[in-house]
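A short write-up of the structure that comes next.
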Amino acid sequence: MASTATTCLLHNYSLAKNANVETAKLSERTSILTIVAQKKAKKIRKIILKEDITQLGKKGELLDVKAGFFRNYLLPLGKAQIVTPTLLK
């Protein structure tokens with residue numbers, strides 16, 4: 001009975017020792033993979049209005065609007081489209 005307890009204790013000790021080695025390796029990796037800077041994505045879209053919209057602009061006007069406003073309101077209702085080089089010509 002005592003030998004079984006000793007074997008389990010040694011086995012658990014070796015597992016703990018291996019876990020510490022893996023933790024040390026992990027901490028070495030994290031110091032290498034530090035993020036220096038992370039820029040926010042621009043969430044502005046250049047659009048051309050297809051019709052007059054109160055408090056926004058008149059038909060044919062070139063505007064900068066937030067991407068969510070364009071995607072959720074203007075585009076589904078067909079009130080605007082994104083500016084492309086061919087549209088500007």
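Computed values, structure above
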read-out: Top-ranked residue in segment 37-85 [being of a type in the set (Val, Ile, Thr) and under 27 Å from the mean Cα position of the chain (by Cα); ranked as surrounded by the fewest Cβ atoms within 10 Å (Cβ to Cβ)]; value: Thr84
read-out: When residues of segment 26-51 are limited to those that are of a type in the set (D, E, K, R) and modelled with pLDDT of 80 or more, the one farthest from Ala67 (Cα to Cα); value: Glu51
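The values are calculated or read from the model by the stated rules, or taken from the named source; none is laboratory data. Because the structure is a prediction, the values reported are computed rather than measured. Using ideal geometry, Cβ is built from the backbone for each residue, glycine included, and neighbour counts are taken over all protein chains shown.
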